[in-house]
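The values are calculated or read from the model by the stated rules, or taken from the named source; none is laboratory data. What you see is a predicted model; the values in this text were computed from it and never measured. Note that each Cβ is placed from the backbone with ideal geometry, even for glycine, and that neighbours are counted across all protein chains shown.
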Amino acid sequence: MYTTLLTNLENGILTITINCPDKLNALNKDVFNDLDAVMDEVYNNNEIKSAVITGAGNKAFVAGADIAEFSAFTSEEGMVLSKRGQDVFFKIEKSPKPVIAAVNGFALGGGCELAMACHFRICSDNAKFGQPEVNLGLIPGYGGTQRLTKLIGKGKSMELHMTAQIIDAQEAYRLNLVNHITTADALMDKAKELLLTIQSKAPLAISKIIECINIADLNDSAFTNGESGYDREAKAFGNCFSTSDMKEGTTAFIEKRKANFTGK
Ligand code: COA
């Protein structure tokens, strides 16, 4: 079904593996088309409760945008490519179902940007992160300047972007770029353990968490449409009261039993 991705659905978790290991899973037009389509599947297939994105092979998550593909682009073509990448990554970030990155090696350039578009990140102890675009006379085009700054703060983001420094898993953890480090062998089990925990909570509440945290940055017009994060939070909070899951969750608490959430 996909030419550049492998997918596997198990226990409600869709594992999405970018599968071009001979190019270190570099992002080209086909990968973007497939990521776009697989996110439609995540949004629309009721069997899918959450997703994890990883890279094929043991060397790279994604080593960046496919440099060969865009090396001869005009500025117009570059802008179109950037918009396309941003739109696909927004689709991941705005997914109503949790999408996490399991970073299993190099996450450079577009690879780091892809990981940052996910709701949060875990990585193996051999992972490496960076925005080395200035090495190519470029800057990140898929939201890296925005998301890295939000995740690790302005000064450190400036430094990493300007120096093109590649950081290891420990430094990424220290900077809050990743939430957990595991051995390479334990990475996918850790991702699945986290997603199963999330899947045991009320799905509509989880999607509202994603929506509200996405607009925590009040200046981000991609998410706010002029509305403040507090207004959106209040509205989303109110909406929860009309759901069966909220009634089930509160009733289960009172009855001292485990809630059985249905997503309604
Ligand atoms: N775009 C296109 N092809 C890429 C790529 C990218 N971003 N990253 C790696 N590849 C290809 C290499 O060209 C090579 O292909 P080949 O075997 O046909 O020559 C193959 O993947 C393996 O990469 P190689 O460089 O030989 O591996 P390495 O272990 O020596 O180095 C990296 C690994 C990640 C340090 C190095 O590949 C690299 O610096 N990649 C580019 C990172 C980057 O600048 N990303 C931002 C792009 S905007």
> Looking at this structure, is Ala65 modelled with pLDDT under 95 and within 15 Å of the ligand (Cβ to nearest atom)?
Replying inline: yes
>> Condition first: more than 10 Å from the ligand (Cβ to nearest atom) and in contact with a Gly (Cβ under 8 Å, 6 or more places away or on another chain). Now tell me which residues in region 68-89 satisfy that.
In response: Gly78, Leu81, Ser82, Gly85, Gln86, Phe89
> Using beta carbons and a limit of 6 Å, which pairs, at least six apart or on different chains, have the first residue in region 164-189 and in contact (Cβ under 8 Å) with a residue 24 or more places away in the chain and surrounded by 15 or more Cβ atoms within 10 Å (Cβ to Cβ) and the second one assigned to a loop (DSSP other than H, G, I, E, B) and not hydroxyl-bearing (Ser, Thr, Tyr)?
Replying inline: Ala169/Asp125; Ala169/Ala127; Ala172/Val178; Ile181/Asp125; Leu187/Asn104
